[in-house]
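*Asks:* Sharing a structure here in structure tokens format.
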Amino acid sequence: MGLFSFIKNAGKKLGIGSDDTPPDADSVQKELASHDLGTKDVQVEVVDDKVVLKGVVKDQSTFEKAVVAVGNTLGVSAVEASDLKVADAGAAPAPAKAPVFYTVKKGDNLWKIAETQYGKGKGAKHPLIFEANKPMLKDPDKIYPGQVLRIPDLDAG
């Protein structure tokens, strides 16, 4: 666990390069910081079209949001987070748990995604998905094909 795939030609454009040019590390670092997730100690490196994250974050939620925040960037096909650790109060930082991500398909909305991920009849749980993807998602109706979303455990919310 630690390498997450994204769709290279979907996402937010950073910088002035062409659509298939990966952003530079400074642009990705600024994008990550703009979400105010508590990732100021996370180092960002860009290798070809892969973003490498290193450092320590406070919890699993921050880990997952950091991966999604930089992965949903135009020109990024993968995020390597093997060296991004989760702090545990009173213990040494540890590797993160395997997160659950979902890539939005044409025709999807959060209700359909909740039914797909949580089971038939559980579409009403869609606000959990929206909340889990804030502040990257600002409107539950503005998701796009190729975007990757965090899917929280049902007992997380």
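*Asks:* Does LYS8 satisfy the condition of being modelled with pLDDT under 95, surrounded by 15 or more Cβ atoms within 10 Å (Cβ to Cβ) and out of contact with any Asp or Glu (no Cβ under 8 Å at 6 or more places or on another chain)? Give the steps one after another, and end with the answer.
*Replies:* Working: modelled with pLDDT under 95: yes; surrounded by 15 or more Cβ atoms within 10 Å (Cβ to Cβ): yes; out of contact with any Asp or Glu (no Cβ under 8 Å at 6 or more places or on another chain): no.
Judged against the criteria, LYS8 is not a match.
*Asks:* Go through VAL86, VAL104, VAL57 for me and flag whichever is in contact with a Phe, Trp or Tyr (Cβ under 6 Å, 6 or more places away or on another chain) and closer than 25 Å to LEU14 by Cβ.
*Replies:* Working: VAL86 fails: closer than 25 Å to LEU14 by Cβ; VAL104 fails: in contact with a Phe, Trp or Tyr (Cβ under 6 Å, 6 or more places away or on another chain).
Residue meeting the stated conditions: VAL57.
*Asks:* Moving on to the next point. Consider only pairs whose beta carbons are under 6 Å apart and that are at least six residues apart or on different chains; among these, list those whose first residue lies in region 49-74 and is touching a residue at least 40 places away in the same chain (Cβ under 8 Å) and whose second residue is part of a helix (DSSP H, G or I) and surrounded by 17 or more Cβ atoms within 10 Å (Cβ to Cβ).
*Replies:* Sorted first by the residue in region 49-74, then by its partner, the pairs are ALA69/LEU32; VAL70/VAL28; VAL70/LEU32.
*Asks:* When region 11-46 is examined, which residues are found to be buried (at least 19 other Cβ atoms within 10 Å of the Cβ), at pLDDT below 85 and more than 14 Å from the chain's Cα centre (by Cα)? Break it down stepwise before answering.
*Replies:* First pass over region 11-46, keeping only residues buried (at least 19 other Cβ atoms within 10 Å of the Cβ): 11, 14, 22-23, 27-29, 31-32, 37, 39, 42, 44, 46.
Adding the requirement that they be at pLDDT below 85 leaves 11, 14, 22.
Passing the criteria: LEU14, PRO22.
Results for (1) aliphatic (A, V, I, L, M); (2) within 16 Å of LYS134 (Cβ to Cβ), shown as yes or no for each residue.
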site: LYS30; (1), (2): no, no
site: LYS40; (1), (2): no, no
site: ASP48; (1), (2): no, no
site: THR62; (1), (2): no, yes
site: VAL67; (1), (2): yes, yes
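*Asks:* Considering only region 111-124, state which residues are farther than 19 Å from VAL148 by Cβ and surrounded by 13 or more Cβ atoms within 10 Å (Cβ to Cβ).
*Replies:* Taking region 111-124 and keeping what is farther than 19 Å from VAL148 by Cβ, we get 119-124.
Across region 111-124, the qualifying residues are LYS122, GLY123.
*Asks:* Exactly one of these conditions fails for VAL56: (1) of a type in the set (A, V, I, L, M, F, W, C); (2) surrounded by 14 or more Cβ atoms within 10 Å (Cβ to Cβ); (3) in a loop (DSSP other than H, G, I, E, B). Give me its number.
*Replies:* (3)
The values are calculated or read from the model by the stated rules, or taken from the named source; none is laboratory data. Computed from a prediction, not measured in an experiment: that's the story for all the values here. For neighbour counting, all protein chains shown are included, and Cβ atoms are generated from backbone atoms with ideal geometry for every residue, glycine included.
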